[in-house]
1. Could you check how many residues of region 39-56 are touching a helix residue (DSSP H, G or I) at 6+ places or on another chain (Cβ under 9 Å) and not in a loop (DSSP other than H, G, I, E, B)?
Amino acid sequence: MADVGGITPDQLKSYIERIEKLEEEKAALQADIKEVYNEAKANGFDTKIMRQVVRLRKMDQKDRQEQEHLLDLYKRALDMAE
């Protein structure tokens, strides 16, 4: 096929197909993750807290400590500290 406006149709089609395949894989992984959370919930775990823990574990230690410090500061400002 000829280029259309500087775009090679075969190359564009290749990119689109790769993206579509990755989107399918992502959907499958998301379903697997949901299944694990459902299993944990069925065994008595609080999945809301588990999601927070997963999010915190993704953060580097410095960012996590800063966030925890700010949360503590805000709680004390609102007289919510324990």
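The numbers here are math on the coordinates, done by the rules we state, and not lab data. Computed from a predicted model, the values in this text were never measured in an experiment. Neighbour counts are summed over all protein chains in view; Cβ atoms, including those assigned to glycine, are modelled from backbone coordinates with ideal geometry.
1. Going through region 39-56 one residue at a time, the tally reaches 6.
Each row is one residue, and each column tells you yes or no for (1) more than 30 Å from Ala81 (Cβ to Cβ); (2) loosely packed, with under 10 Cβ neighbours inside 10 Å.
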residue	(1), (2)
Gly5	yes, yes
Leu12	yes, no
Gln30	yes, no
Lys34	yes, no
Glu39	yes, no
Arg55	no, no
Leu70	no, no
